[in-house]
1. Give the residues of the range 137-150 that are touching a His at 6+ places or on another chain (Cβ under 9 Å) and either surrounded by fewer than 20 Cβ atoms within 10 Å (Cβ to Cβ) or more than 14 Å from residue 183 (Cβ to Cβ) (or both), sorted by residue number.
2. Check the range 128-140 and report whether any residue there is at pLDDT below 95, hydrophobic (A, V, I, L, M, F, W, C) and touching a Lys or Arg at 6+ places or on another chain (Cβ under 9 Å).
3. From 148, 144, grab the single residue that is within 24 Å of residue 44 (Cα to Cα), in contact with a helix residue (DSSP H, G or I) (Cβ under 7 Å, 6 or more places away or on another chain), modelled with pLDDT of 95 or more and in a strand (DSSP E or B).
4. Within the range 75-130, how many residues turn out to be aliphatic (A, V, I, L, M), closer than 18 Å to residue 24 by Cα and buried (at least 16 other Cβ atoms within 10 Å of the Cβ)?
5. Just the residues that are farther than 22 Å from residue 103 by Cα, exposed (fewer than 13 other Cβ atoms within 10 Å of the Cβ) and not charged (D, E, K, R), please, taken from the range 168-195.
6. Go through (1) touching a His at 6+ places or on another chain (Cβ under 9 Å); (2) at pLDDT below 95 one by one and return the number of the condition residue 175 breaks.
7. Take the residues in the range 1-49 that are of a type in the set (Asp, Glu), modelled with pLDDT of 95 or more and under 27 Å from residue 138 (Cα atoms), then tell me which one is surrounded by the most Cβ atoms within 10 Å (Cβ to Cβ).
Amino acid sequence: MTELKLASPEQVAMVYERDLKPSFPPSELKPLKNIQAMCREGCYRPWCLFDGEEIAGECFLWLGRPGWALLDYLCVAAGRRNGGTGARMLAELRRAEPDTVILVESEAPVHAPDPAMAERRLGFYARNGLRTAGYDTDVFGAHYKTLYLWPEPLPDAALMEENRFIYQNRFPREVYDRYVRIPRDPGAEPLSQVPWNED
């Protein structure tokens, strides 16, 4: 029997090393110390799918204003992939966060190192009920399609405002202006990829 629960600091550190580090490039991966600080500050929820004592995967939420969050990382443990674990996590997350619009950034195939994988990821989200917003973003040099998990369609203006707030609330103005584009200019080349940095 699987159950979605908030992970302890030790469990967060374990899945960071086991799952996130091998799965995400430096431009998309926050340092562990930043994730831990955000958990302590109460602006981050490290949801994990537990199968008994084992963690089958994680879906970490970066909180914005009340009722809004960004799905920061969705990752399935290596031995659990292709078995429906990702879909189960999204369904459990919707039940755990019923009053929260969950924004999702998924790599745009046009600029992805592996376009086929990026297409599969978008297909996975579509099959699991996510809606596609009418704008893309560019964050630390990664070009993303914007999706969201909510029962009804929402206007792009509201989505963009909350999407911007999540980053603006975390980063100094000069960092935001240099590394974040919400919305992304459709005709622009992506920004140069840089490792995630809050220092």
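1. 142
2. Yes; the residues of the range 128-140 include at least one that is at pLDDT below 95, hydrophobic (A, V, I, L, M, F, W, C) and touching a Lys or Arg at 6+ places or on another chain (Cβ under 9 Å).
3. Matching residue, one of 148, 144: 148.
4. The total comes to 7.
5. Correct list: 187, 188, 192.
6. (1)
7. Filtering first and then ranking leaves 19.
Listed here are the residues, each with its yes/no results for (1) within 15 Å of the chain's Cα centre (by Cα); (2) under 21 Å from residue 61 (Cα atoms).
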{"residue": "110", "(1), (2)": "no, no"}
{"residue": "117", "(1), (2)": "no, no"}
{"residue": "148", "(1), (2)": "yes, yes"}
{"residue": "169", "(1), (2)": "no, yes"}
{"residue": "174", "(1), (2)": "no, no"}
{"residue": "187", "(1), (2)": "no, no"}
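The values are calculated or read from the model by the stated rules, or taken from the named source; none is laboratory data. Nothing here was measured: the structure is a model prediction, and the numbers come from that model. Here Cβ is always computed from backbone atoms with ideal geometry, including for glycine, and neighbour counts include all displayed protein chains.
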